[in-house]
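Worksheet: the structure to be examined is printed underneath.
Read-outs: derived from the displayed coordinates by stated rules, not from any lab. All values reported here derive from a predicted model rather than from experimental measurement. For neighbour counting, all protein chains shown are included, and Cβ atoms are generated from backbone atoms with ideal geometry for every residue, glycine included.
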Amino acid sequence: MAKQPPNDTASPITLTHVTVYGSRIEGQLRFAPDAPRTSSPRLIEQLVRTFPHIGDHACVNECGDRFADVMEHTSLAHVLEHMVIDLQVQAARRTSQNSQHEAAFVGTTEWIDKNAGLACVRVSFKDDLVALAAFRQAIELLNNLVQVVEQEHV
Ligand SMILES: [Zn+2]
């Protein structure tokens, strides 16, 4: 029997619910009991290969005003927030006729219940379908990163 690829329920992080409001989209995340909750320098080293500009994002945090100030030791939900924003910026650049009209997105992340592994990520959007696709792509990429980094330690 060929080994089955992991299905959704086996993913470290699951996007359980997405709600679209007037100006923002909200995603509920559930971390598996044994999934890491925070980033690591190794994970971020992998992440920036796909998102080279993510550290330059504006970010209100306890250490500074850029995501780079905290990205190696922050919650993975916060990492996801910035991945969703970055994917939306990339999509806006692809479709925008006027490069001077740079899209700006903002987001927030909070634990609903850290022990239970439940978090909420909110980001603003210009196009709800782009934002929805960004959420799905970001969660898939983040799960891949987590699994690759975890396997290095086995
Ligand atoms: Zn941030």
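Rank the residues 114, 126 as a footprinting-exposure proxy: fewest other Cβ atoms within 10 Å of their Cβ go first. Don't skip to the end; give the middle numbers.
Values: 114 13, 126 16.
If I rank by nearby Cβ atoms, fewest first, I get 114, 126.
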(request) Determine one quarter of the surface area of the Cα convex hull of the stretch 78-147, which equals its mean projected area, and express it in nm² to one decimal. (result) 5.1
(request) Please name whichever of 12, 38, 59 sits farthest to the positive end of the charge dipole of the chain, dipole taken about the Cα centre and charges placed at Cβ: Lys and Arg +1, Asp and Glu -1. (result) 12
(message) What's the magnitude of the charge dipole for the stretch 12-146 around its Cα centre, counting Lys and Arg as +1 and Asp and Glu as -1 at the beta-carbon? Answer in Debye, nearest 20.
(response) 280
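Taking the number of other C-beta atoms within 10 Å as the exposure measure, put 86, 127 in order starting with the fewest. Mind dumping the intermediate values first?
Numbers: 86 22, 127 14.
So the residues, fewest neighbours to most, are 127, 86.
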(request) Mind computing the radius of gyration and Dmax over the alpha-carbon atoms of the chain? Å is fine for both. (result) 15.5, 55
